[in-house]
Amino acid sequence: MQNLKYFLFISFFVISCKNKKEEQTSPQKKITKEIIQQVVVPPKKQTIVKKDSLTNKNTTAFFTEYGKQNIETVVEFSTRIGNFTVKLYKDTPIHRANFIFLAKSGYFDTTSFHRLVPNFVAQFGNSDNIKTANFRNKYKQYKLQPEFRKKHKHKRGALAAARDWELNPNKLSTPFEFYIVQSKKGEHHLNFEHTVFGSVIKGMHTIDKIIVEKTDIDEWPFKDVNLKVVKISK
């Protein structure tokens, strides 16, 4: 288990059951050269955003508009172990808007923590619930452009987006799965590899309790730690 802490993966959803081993991808150990991704300038004309209009081709435009109409930055979650609250950064607007979109759409209420690695990360946003699969399929597994910022690092409590490590040279984020850094020293080898777009501002002790739940060989907890959105606020 100790050696697995330096490997972060994006778990591809499998409807059958959580016992099927998730396909893993391995992060590079070498920190890449710091390159800041420019934020796409939002269109001047504001339009009404319809949820069903989201596609792979209009992701940035969709969330630019959605973000202007949905300005919340704080989301509180409940689990059977306790509550925790995350604060989303305004200077990562596409990832913030996407997270709020998922929260308001009820997606998180179908998901759970599905990868727990003590002294590394607690990953959430997947489950073996058919509703989770239906939501993903509805939006065709769209991706998000990275929003790397020098000041947002993988410190303890950081909230970041998972991504594929293979066939993904542009480091596009998955829109559905996220992780919280639990280690005290942080995981700075992942800086500029995954977009950090928020942090835990309350309930980090809950994450510390969740991450020591007993897991199977795929690091999925034997007893589900389901999520429920309690509050979304500015």
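Computed from the coordinates by the stated procedures, all read-outs in this text should not be read as laboratory data. Keep in mind that what you see is a predicted model, and the values were worked out from it rather than measured. All Cβ positions, glycine included, derive from the backbone under ideal geometry; neighbour counts span all protein chains shown.
Remarks
- Rounded to whole Å, the principal axis extents of the Cα atoms in the stretch 118-212 read 37, 30, 22, largest first.
- Residue 153-residue 217 pseudo-label distance in nm [points 7 Å out on the Cα-to-Cβ vector]: 3.8
- Whole-number percent relative contact order across the stretch 52-233, with pairs defined as alpha carbons under 8 Å at least 6 apart: 33
- Taking 0.36 nm per residue of separation and subtracting the current Cα-Cα distance, fully stretching the chain between residue 55 and residue 130 would add 24.9 nm.
- Phi-derived couplings, Karplus 6.51 cos²θ - 1.76 cosθ + 1.60 at θ = phi - 60°, listed residue by residue for the stretch 140-145: 6, 6, 4, 10, 10, 5 Hz, with x used for Gly and Pro.
- In this structure, the amide hydrogen of residue 198, modeled 1.01 Å from its nitrogen in the peptide plane, lies closer than 5 angstrom to those of 89, 159, counting only residues at least 5 positions away or on a different chain.
- Sites residue 208 and residue 233, calculated FRET efficiency, Cβ-Cβ separation with R0 22 Å, nearest 0.05: 0.35
- Label zone at residue 80, where the point sits 7 Å out along the Cα-to-Cβ direction: the stretch 92-132 residues whose backbone N lies under 12 Å: 113
- J(HN,Hα) series, the stretch 104-117, from Karplus relation 6.51 cos²θ - 1.76 cosθ + 1.60, nearest Hz, glycine and proline x: 6, 7, x, 4, 4, 5, 9, 10, 8, 6, 10, 8, 10, 10
- Averaging the Cα positions of each part gives two centres, and for the stretch 219-234 and the stretch 116-184 these lie 14 Å apart.
- Residues whose placed amide H lies under 5 Å from that of residue 83, excluding near-sequence neighbours: none
- Under 5 Å, built H, 5+ apart or other chain: amide partners of residue 191: 154
- Where labels lie 7 Å past Cα in the beta-carbon direction, separation of residue 73 and residue 91 in nm: 1.1
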